[in-house]
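Report on the following structure.
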Amino acid sequence: MLYGVGLDFDIPFFSYLQLNTYRRDAISNGNISDGWQFTPVFRIDMPIGNANIIIDGYIDWVFIADNNGYDENLHFNPQIKYDLGKSLFGEHKQNKLLVGFEYDYWQSKYGVNGVDQNTYSIIAQYHF
């Protein structure tokens, strides 16, 4: 369970920027991921002609872990997407069909020391 405080900022060039700090409380037996987490979330829209490039993502940083055996960790997941729906079908289909790629870096994945993830993915999203 995560509970905490979040702030939304109105900053030029950002569609949104949120800074959240959470307390992490395990709700199942054997889960040792208690601690504290900081999570910024962002989106930047860059209009290019009749198209739109979107850069968005988040960072999950577990900066204090309460239990032995669960490492502090960092998960960074930015995405770069092209608004294909707006380009092909017009303004009324903006943010409906997005294509692009993402980078996923997770140091000490699931709090396990030495288990790191470093990968790229291709994205095709359709929003109803």
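FYI, it's all coordinate maths here, none of it is from the lab. For clarity, every value in this text was computed on a predicted model and none was experimentally measured. Because the Cβ atoms are built from the backbone with ideal geometry, glycine has one as well, and the counts that use them run over all protein chains shown.
Helical content alone sets the calculated 222 nm signal of the chain at -1000 deg cm²/dmol, taking -39,500 (n - 2.57) per DSSP H segment of four or more residues and averaging over every residue. Each of 15, 28, 87 was scored by other Cβ atoms within 10 Å of its Cβ. Arranged with the fewest first, they read 28, 15, 87.
The residue 63 and residue 120 beta-carbon pair, evaluated with R₀ = 30 Å, returns a calculated FRET efficiency of approximately 0.70. Mind jotting down the distance between the C-alpha centroids of region 6-48 and region 59-112, whole Å? For region 59-112 versus region 6-48, the Cα centre distance is 11 Å. Remark: relative contact order (region 2-126) = 17 percent; criterion is Cα-Cα distance under 8 angstrom and separation of 6 or more residues. Full extension of the chain segment joining residue 7 with residue 103 gains 32.0 nm, where the gain is 0.36 nm per residue of separation less the Cα-Cα distance.
Among 16, 22, a tally of other beta-carbon atoms within 10 Å of each Cβ gives an order, fewest to most, of 16, 22. Quick check on region 2-126: take the gyration tensor over C-alpha atoms, sort the square-rooted eigenvalues as a ≥ b ≥ c, and tell me if it's rounded (a/c under 1.5), prolate or oblate. Verdict is prolate for region 2-126. Treating r as the C-beta distance of residue 74 and residue 29 and R0 as 35 Å, the FRET efficiency rounds to 0.85.
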